[in-house]
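Pasting a structure below so you can have a look.
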Amino acid sequence: MLRVVSWNINGIRSPLNGAVCQESSTCPMALRRILDELDADIVCLQETKVTRDVLTEPLAIVEGYNSYFSFSRSRSGYSGVATFCKDSSTPVSAEEGLSGLFAIQNGNVGCYGDMNEFTQEELRTLDSEGRALLTQHKIRTAEGQEKTLTLINVYCPHADPGKPERLTFKMRFYRLLQIRAEALLEAGSHVIILGDLNTAHCPIDHCDASNMVRFCLANQLPRGSFLYGKT
């Protein structure tokens, strides 16, 4: 059985800023302790808040794990996702972003679907905040058949009520995510979308469940589109 954990960590360095990680040499042990305590084959983190230039070796290289990062290219200390896979669950391929624009020549996941409704500039903008990371794994079913599983680790955009352009950005991100996931499904892969979706299904899922007006205003359009395909 494959065990997968998702965690909005609100800064990957935050849990390490204690006595256990006062020196860089102790950071790998501290991070491995956290990963081991989660007792998962794959750990998907959101809101890592690191950029490539500040990612240190102790954060990226943890004994017993392979790590994959997507960074924000537009702001520092913002957004970002990471996936840590135990050596026993090393993916056969991995890819940053949903559009394929940041895919490397070899080892990418592929299966992009029809993205003609987006311009190249829009695709690059949607992927520039480091909000999606794909890893593809070979799994074996209970019947003994080998299948492909694609994990899409996402930190979906938050829509600030005072910034209508961010709601547009959020809805376009959801649309791109849908196209990519459906393309993978059509290619025969199982797909799991996990992470911080930034859309509450029910009031109990919201940070301020007592404020129904806020819940309805913030979630009506994203919830209807993302969960039910309504606009």
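If the requirement is being under 21 Å from F69 (Cβ atoms), surrounded by fewer than 18 Cβ atoms within 10 Å (Cβ to Cβ) and among the aliphatic types (A, V, I, L, M), which of these qualifies: I104, I139, I152? Before you say what the answer is, go through the steps one by one.
Working: I139 fails: under 21 Å from F69 (Cβ atoms); I152 fails: surrounded by fewer than 18 Cβ atoms within 10 Å (Cβ to Cβ).
Of the residues listed, the single one that is under 21 Å from F69 (Cβ atoms), surrounded by fewer than 18 Cβ atoms within 10 Å (Cβ to Cβ) and among the aliphatic types (A, V, I, L, M) is I104.
Can you tell me which residue in segment 144-173 is farthest from E186 (Cα to Cα), limited to those that are under 19 Å from the mean Cα position of the chain (by Cα) and charged (D, E, K, R)?
Here the answer is R166.
Separate question: Hey, any hits in segment 82-97 for a residue that's touching a Leu at 6+ places or on another chain (Cβ under 6 Å), modelled with pLDDT of 95 or more, among the hydroxyl-bearing types (S, T, Y) and assigned to a loop (DSSP other than H, G, I, E, B)?
Within segment 82-97 (the criterion being touching a Leu at 6+ places or on another chain (Cβ under 6 Å), modelled with pLDDT of 95 or more, among the hydroxyl-bearing types (S, T, Y) and assigned to a loop (DSSP other than H, G, I, E, B)), the answer is no, since none of the residues qualifies.
Is it true that some residue in segment 174-190 is surrounded by fewer than 16 Cβ atoms within 10 Å (Cβ to Cβ), modelled with pLDDT under 95 and within 23 Å of C44 (Cα to Cα)?
no
A further question on this structure: Restricting to segment 155-182, name every residue that is in contact with a His (Cβ under 9 Å, 6 or more places away or on another chain) and either under 27 Å from S67 (Cα atoms) or among the polar types (S, T, N, Q) (or both).
Taking segment 155-182 first, the residues in contact with a His (Cβ under 9 Å, 6 or more places away or on another chain) are 166, 170.
Answer for segment 155-182, where residues must be in contact with a His (Cβ under 9 Å, 6 or more places away or on another chain) and either under 27 Å from S67 (Cα atoms) or among the polar types (S, T, N, Q) (or both): just K170.
Ok, one more. For the list (1) within 30 Å of R33 (Cα to Cα); (2) in contact with a helix residue (DSSP H, G or I) (Cβ under 8 Å, 6 or more places away or on another chain); (3) among the charged types (D, E, K, R), I need the number of the one condition that D114 fails.
(1)
Here's a follow-up. Just the residues that are assigned to a helix (DSSP H, G or I) and without any contact (Cβ under 8 Å) to a residue 40 or more places away in the chain, please, taken from segment 179-202. If you could, list the steps in order and put the result at the bottom.
Going residue by residue through segment 179-202, those that are assigned to a helix (DSSP H, G or I) are 179-186.
Matches in segment 179-202: A181, L185.
When you go through G162, G144 one by one, which is the residue that is at positive phi and either of a type in the set (D, E, K, R) or surrounded by fewer than 20 Cβ atoms within 10 Å (Cβ to Cβ) (or both)?
None of the others qualify; the one that does is G144.
The values are calculated or read from the model by the stated rules, or taken from the named source; none is laboratory data. Computed from a predicted model, the values in this text were never measured in an experiment. Glycine also receives a Cβ, built like all others from the backbone with ideal geometry; neighbour counts cover every protein chain displayed.
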